[in-house]
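What follows is a set of notes on a single structure, which appears directly below.
The values are calculated or read from the model by the stated rules, or taken from the named source; none is laboratory data. Source: prediction; values computed, not measured. Here the Cβ positions follow ideal geometry from the backbone for every residue, glycine too, while neighbour counts run over all protein chains shown.
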Amino acid sequence: MKKSRWADWFLTAGFLGFLALALAVTLIRPKSGWSYYENRNLAHPAELSVETLLDGTFPASVEPVLQDHAAGRNTLMKLSVWVDLHLFHRPVVNQVVPADGMLLGWNPYETPDPAGITAQAEHMAEELAHLRDVVEEYGGHFCYAAVPGQYAYYPDAYPDFLNNREAYTALEVPALTHAMAERGMDLLDMGPVLDTAGNPREYYSMADYHYQFGGAYLTYRAILERLSAELGTELTILDGNSLAVETLPNPYLGSRGRKLFGLEDCGEHLTIGLPRAPVPFTRTDNGTETAPTVYALPATGTEGVLYSLYMGGDVGETVIETNRPDLPSILIYGDSFTNPVECLAYYSFDEMRSIDLRHYREMPLADYIRLHQPDIVVGIRDYEALLSTDYNGNLFQLQP
Amino acid sequence: MVFSSLVFLLGFLPALLLVYYLVPARFRGLRNLVLLGASLFFYWWGAGPLVLLMVLSISVNYVGGLLAGQRDRPRLAWAGLLFAVCAGLGLLAWFKYAGFLARTICGLGFAVPIPQVTLPIGISFFTFQGLSYVIDVYRGDAPIQKNPLDTALYVALFPQLVAGPIVRYTTVMEEIAHREETLSEFAAGATRFCFGLSKKMVLANSMGQIADGVFGQTAANLDPGLAWVGALAYTFQIYFDFSAYSDMAIGLGHTFGFHFLENFNYPYISRSVTEFWRRWHISLSSWFRDYVYIPLGGNRCSRARQIRNILTVWLLTGLWHGAAWTFILWGLWFCLLLLGEKFLWGHFLEQLPSPIRWACTMLAVILSWVLFRAADLGQAWAYLGAMFGQTTGLAQDGQAVYYLLQFWPEWILALIAFLPVKQWLQSWLEARGAAGQTLALWAPRVLALGLLVLSYGLLVTGSFNPFIYFQF
């Protein structure tokens, strides 16, 4: 009887003590508005008022806030990832597929619809043709490049039972190539270019959706060679002689590794390329003059680096002026795949503008082009976003 | 508000326990008032202004009970019963079935407006609970509750308010007025709550992710393996989800001195459908037995009337679960199986070895859950077809393997947890002398606290947390 009472006290004290402790720590722990590993803002409660109480807004907002600010959250999330990775060996952890020494992205299962993909490709090609017309109206030149994302570069690294989107890619890229060709445009597909180069592992990141410097350099080179050929002028292309390539010693935390709280390390490092004969330039981000650099270099050799090393990350509008009016001007638009390309491309132009429509809200891209009339307009999109009309696929409307 | 939320665990529950136990036990009325206020707040937090509907339902049952208990004035008593039944079922019919009825009439070619009605959480539960009170009073099985706050507390008591078990008034009427909250009751209740919470967080939610993933696809494209994985996952999900809620409700009841009856008794070990329904959602099946089946004549009548009675009960059971043809068909499916066992193949079934009887029962149950889970009859038919090979096979892409490998720890746990392992272990330990008994005493408590921490961790790190039975 006595033993039973001890056991009951133990349970009761443990139960109430845990709830009280969790509540107290949740209330008193310092609040942060940002979750680094999740790369998102943490929830905050709705304003407390009679109205928000009656319409249910306030009650509904409390649970996400408690979840985001609960005692021990980061530790528990790390522990959860560790258990899933190392104890349960789940094939997918936080939407990351740890396979073949890499951290790949998990793709939802899909049944590709050829007719739907063709229709999307036709629509996108039509939009691009209109944009080409806008550029050519004032005598400019338009070039559009498609680059594989990580899943398309390493399709064989996925286990057989997971979706590597090969079936989708096999429909999507030819559909857009064909639809653009019908409109007199030549899609620069980096897939075959990378195939020709032998798809070296160091060209694409093992822990991030993007390419590594090697893949970015090849893309930069392919674009400039294409432009030189189409324009009939010799654009300066940085090569082994004119470019000093340096791999940073800093640990690289790719987006996949970040989702896994840095618990899986692929041993990757980022590489930068600096012209041996630098040209002075000025840089303006969203209308504000900033430091004249294209790499956000860490202060020390041990500090971790992210993909935002290139161009300092995604910026709505960047303008780099090299003040060489004899050279043409260029506008590059697209998602984050443009960033490492831009780190090299500015070198060949008088002015380089960069627009990322995920962040730029001032005017539609077509209007921006009409306003600034760059000699060359280059769009770069990855296979996943290739047919999407969102953001950098929304060329004629103001971004929502 | 749901039990498996941080708002409940870190806010509502500690605050209520603190205020409730600060009130001395001798002030029973005040403790009841605290519990009632908390229960109404609990409901309001999730349902908003619809809490007024529950208050209306409570008022109807209170007045109905006062009238139904006038035993010396039978007509008034009858009027009271009729009033409560018509008003209670009328509210239920409007909020739950008006849209379905209108859509059905439209489907027949008649143009009628389709009312846009928000389904109040748990309306089926609190309506049936209120009705049982009035009917018991009318029958003389329970005394009139003259204190409206006590009637309100019976209907609105938060542990069982939104997802059962359906508590009979006779079960708790004594405890509303005179109950004793003790340390051992509290500890037992908290232990049960922790086990229920972890069952929900670990098993039900994982199985729910699989079921949602599979049932969310075009059923005709599923390969048979994937269709079976989805059906099995839902079979586990609905059991662990609903029985977890009952565990938590019963456990919370204990912490406040109430004793609710069991709602589940390892239904998936049943060796016949009849046995399954003695073990599954016991509070609902016994409600229909006592308030519909027996008043209709039960089985003490001709075979034709027995069949009519069973059919009525199962049509109503199907409809109680949801306003859709899939639920009606689900009820009829069990009606057919029960009639078959009663009149046709029951004797033959009893001759078969237990594993075969179990397998046949589980097959019938799994197929029934496909009907239950499907969005409509078309999906149900296509899904059942896919399970038996009638499929385009477009989705033969390794998903079944993925769902098995991704959730392998949960599959293994689920396969263990549907068996009465806890009872087996308890008996085994208790037969092992003093050491075994000590272990049997301490192990569940230590495990319960571990599971509480685990559940907290899953609540903090996960976001997939819907409760199935709230829609009923």
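The set of residues in region A:72-88 that are among the hydrophobic types (A, V, I, L, M, F, W, C) and facing another protein chain (nearest Cβ under 8 Å) comprises A:Leu76, A:Met77, A:Leu79, A:Phe88.
Of all residues in region A:31-53, those that are exposed (fewer than 12 other Cβ atoms within 10 Å of the Cβ) and either within 11 Å of chain B (Cβ to nearest Cβ) or on the phi > 0 side of the Ramachandran plot (or both) total 1. Say whether the condition of being at pLDDT 95 or above, under 30 Å from B:Ile210 (Cα atoms) and buried (at least 18 other Cβ atoms within 10 Å of the Cβ) is met by at least one residue in region A:182-200. No: zero hits.
Take the residues in region A:3-30 that are loosely packed, with under 12 Cβ neighbours inside 10 Å and away from chain B (no Cβ under 11 Å), then tell me which one is farthest from B:Leu449 (Cα to Cα). If we take residues in region A:3-30 being loosely packed, with under 12 Cβ neighbours inside 10 Å and away from chain B (no Cβ under 11 Å), then A:Pro30 is farthest from B:Leu449 (Cα to Cα). In the set A:Ala146, A:Ala179, A:Ala129, A:Ala157, only one residue is more than 14 Å from chain B (Cβ to nearest Cβ), in contact (Cβ under 8 Å) with a residue 24 or more places away in the chain and touching a helix residue (DSSP H, G or I) at 6+ places or on another chain (Cβ under 6 Å); that residue is A:Ala179. Within region A:12-45, the set of residues being among the polar types (S, T, N, Q) and not in a helix (DSSP H, G or I) comprises A:Ser32, A:Ser35, A:Asn39, A:Asn41. Being at the interface with chain B (Cβ under 10 Å from one of its Cβ atoms) and more than 24 Å from the chain's Cα centre (by Cα) holds for only one residue in A:Ala115, A:Ala60, and it is A:Ala60.
Restricting the first member to region B:197-225 and to residues that are more than 14 Å from every other protein chain (Cβ to nearest Cβ), and the second to residues that are among the basic types (Lys, Arg) and assigned to a helix (DSSP H, G or I), the beta-carbon pairs closer than 9 Å and six or more apart or on different chains are B:Ala211/B:Arg373. Could you list, in sequence order, all residues of region A:236-262 that are out of contact with any strand residue (DSSP E or B) (no Cβ under 9 Å at 6 or more places or on another chain) and surrounded by 14 or more Cβ atoms within 10 Å (Cβ to Cβ)? Once the filter is applied, which keeps residues that are out of contact with any strand residue (DSSP E or B) (no Cβ under 9 Å at 6 or more places or on another chain) and surrounded by 14 or more Cβ atoms within 10 Å (Cβ to Cβ), region A:236-262 yields A:Thr236, A:Ile237, A:Arg258, A:Phe261, A:Gly262. For region B:254-276, filtering for residues that are farther than 20 Å from B:Ala414 by Cβ and hydrophobic (A, V, I, L, M, F, W, C) leaves 5.
crowded, with 18+ Cβ neighbours inside 10 Å, touching a Pro at 6+ places or on another chain (Cβ under 8 Å), more than 11 Å from every other protein chain (Cβ to nearest Cβ) and not in a loop (DSSP other than H, G, I, E, B): is that true of A:Tyr168 in this structure? For A:Tyr168, the condition - crowded, with 18+ Cβ neighbours inside 10 Å, touching a Pro at 6+ places or on another chain (Cβ under 8 Å), more than 11 Å from every other protein chain (Cβ to nearest Cβ) and not in a loop (DSSP other than H, G, I, E, B) - is met. The one condition from (1) under 20 Å from B:Ala190 (Cβ atoms); (2) among the hydrophobic types (A, V, I, L, M, F, W, C); (3) away from chain A (no Cβ under 13 Å); (4) touching a residue at least 12 places away in the same chain (Cβ under 8 Å) that B:Val7 does not meet is (3). Identify all residues within region B:419-448 that are in contact with a Ser or Thr (Cβ under 9 Å, 6 or more places away or on another chain) and closer than 16 Å to B:Ser198 by Cβ; write none if there are none. Once the filter is applied, which keeps residues that are in contact with a Ser or Thr (Cβ under 9 Å, 6 or more places away or on another chain) and closer than 16 Å to B:Ser198 by Cβ, region B:419-448 yields B:Pro444, B:Arg445, B:Leu447, B:Ala448. Evaluated against (1) on the phi > 0 side of the Ramachandran plot; (2) more than 19 Å from the chain's Cα centre (by Cα), A:Asp239 falls short on exactly one condition, (1). Listed conditions (1) modelled with pLDDT under 90; (2) touching a Phe, Trp or Tyr at 6+ places or on another chain (Cβ under 9 Å); (3) surrounded by fewer than 19 Cβ atoms within 10 Å (Cβ to Cβ) are all met by B:Arg300, apart from (2). Selection of strands (runs of 3 or more DSSP E) fully inside region A:259-368 by the criterion of at least 2 residues being free of Cβ contacts under 8 Å to residues at least 12 places away in the same chain returns A:288-290.
Inspect all residues belonging to region B:389-399 and state whether any of them is charged (D, E, K, R) and either within 12 Å of chain A (Cβ to nearest Cβ) or more than 21 Å from B:Thr317 (Cβ to Cβ) (or both). Among the residues of region B:389-399, at least one is charged (D, E, K, R) and either within 12 Å of chain A (Cβ to nearest Cβ) or more than 21 Å from B:Thr317 (Cβ to Cβ) (or both), which makes the answer yes.
Residues that are facing chain B (nearest Cβ under 10 Å) and farther than 13 Å from A:Glu384 by Cα were ranked within region A:93-109; the one that is surrounded by the fewest Cβ atoms within 10 Å (Cβ to Cβ) is A:Tyr109. All conditions but one from (1) surrounded by fewer than 17 Cβ atoms within 10 Å (Cβ to Cβ); (2) acidic (Asp, Glu); (3) within 14 Å of another protein chain (Cβ to nearest Cβ) apply to B:Asp141; the one that does not is (3).
Scanning region A:171-193 for residues that are in a helix (DSSP H, G or I) and aliphatic (A, V, I, L, M) gives A:Leu171, A:Val173, A:Ala175, A:Leu176, A:Ala179, A:Met180, A:Ala181, A:Met190, A:Val193. Residue-level analysis places B:Leu337 among those that are in a helix (DSSP H, G or I), closer than 30 Å to B:Leu89 by Cβ and of a type outside the set (Gly, Ala, Ser).
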